[in-house]
1. Consider Asn51 against the criteria (1) loosely packed, with under 10 Cβ neighbours inside 10 Å; (2) at pLDDT 85 or above; (3) not hydroxyl-bearing (Ser, Thr, Tyr): it satisfies all of them except one. Which criterion is unmet?
2. Report the residue count in region 171-227 for those that are closer than 27 Å to Asp140 by Cβ, aliphatic (A, V, I, L, M) and part of a loop (DSSP other than H, G, I, E, B).
3. Being closer than 16 Å to Val84 by Cβ and either β-branched (Val, Ile, Thr) or out of contact with any Ser or Thr (no Cβ under 6 Å at 6 or more places or on another chain) (or both) is the filter here; which residues of region 291-338 pass it?
4. Which condition from (1) modelled with pLDDT of 75 or more; (2) assigned to a helix (DSSP H, G or I) is the one that Asn266 breaks?
5. Could you tell me which residue of region 67-111 is modelled with the lowest pLDDT, considering only residues that are over 24 Å from Gln178 (Cα atoms) and among the charged types (D, E, K, R)?
6. If you check Phe100 against the conditions, is it in a helix (DSSP H, G or I) and under 18 Å from Ile197 (Cα atoms)?
7. Do we have Ala80 as more than 36 Å from the chain's Cα centre (by Cα) and of a type in the set (A, V, I, L, M) here?
Amino acid sequence: MSKQVKDNEEVDLGSLFVIIGRAFTKLGNFISGVFKGIFQFLIEVLLFLKNNSIKLGVATLIGVLLGVFMEFNSETTYEANLYVKPNFSSSRQLYNNIKFYNDLVRQENSEEIKRIFSISDEEAKSLKRFDITPIINENDILTSYDDLTQSIDTSTVKSYSYLKFKNAFTQFDYKVHQITVSATKNDVFSKLDETIIGSIVNNNYFKNLKRTNKDNLLRTDSLLRKNLKQADSLHEIYKQVLIEQAKKPNSSTSINMDGNNSASINKEQELFNTKVRLNDDLVEVNKNLSEKSEVINIVSNFQPIGHKVKAIQKNKAFQFGLFGFLIMIVTLLLLKLNAFLEDYQEGVKN
């Protein structure tokens, strides 16, 4: 009986190895098939480019020539950047305002642009684009998450992970933002920043927030300075008491080196720690007073003279050349698809 059981176990073990071997074979065939498919696809792409190289080259050349022609017949474009650091969640309103200015440019509403920025008609017509983007900085997300964890209770922090916070972080939440203006005149930019910033700064809602925040910070600053002064006074008084008591013979609080004065040292350490904590709080308050004394802090103004746009992705010859190349590819693919459908239709009929 034991021999039969042993034979059955050997058979089962052999079957298991066969199943595992088949599984590895199928996995190997699948991986091999994937690589073969990728290789076949690349070969098809290369053959397509090779067989249609003349057509693609002609389309690209036509696009480049058209772009060069338009480049020579269009005015030179200049750009300048304004870097700002919004406070009180005013970045969303700033983005809306920049979008509004850009819409006016696209609609060629030079009269409204002229009125808003108090510039000449020629300067208003020279403006070609308004854009705003955040300066992406991973540290902004980390510091914002740290501020959040310190402002809520521990149980809530555990249920709100950093990854979840990062996924909810939007372009409006970054600290520094870049405003870019394009124009055909290179000296118009310095006349724009005052209006762009003023549209936010003069908003009553943000003015009230700034005033309230500043008042609270000033009150906190005053209270911290008062507490720090009292802590300094207490510390000095405590040291004087310890010195006076140490002078008395057989004093129970005399200062010695055998560890009996640990209670006195602990009290003095507590006072010292309190002073350090108050100093840290005072530094933080002054930092906030410096950074949040305005609705929007200007990190860097527009340059007085804009720089000429030279980026290749903004070059019309490059843009039209690439456009011609892509249009020809799409056209050739559509022709191949049409030929395939016609062959398929003939095959169904036959």
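1. (1)
2. 2
3. Quick first cut of region 291-338, residues closer than 16 Å to Val84 by Cβ only: 291-303.
Glu291, Lys292, Ser293, Glu294, Val295, Ile296, Asn297, Ile298, Val299, Ser300, Asn301, Gln303 - these are the residues of region 291-338 that are closer than 16 Å to Val84 by Cβ and either β-branched (Val, Ile, Thr) or out of contact with any Ser or Thr (no Cβ under 6 Å at 6 or more places or on another chain) (or both).
4. Answer for Asn266: the failing condition is (1).
5. Glu71
6. Values: in a helix (DSSP H, G or I): yes; under 18 Å from Ile197 (Cα atoms): yes.
In short, yes.
7. Numbers: more than 36 Å from the chain's Cα centre (by Cα): no; of a type in the set (A, V, I, L, M): yes.
Criteria not met by Ala80.
The values are calculated or read from the model by the stated rules, or taken from the named source; none is laboratory data. Everything numeric in this text was worked out from a predicted model, so none of it was measured. So basically every Cβ, Gly included, is an ideal-geometry build from the backbone, and we count neighbours across all protein chains shown.
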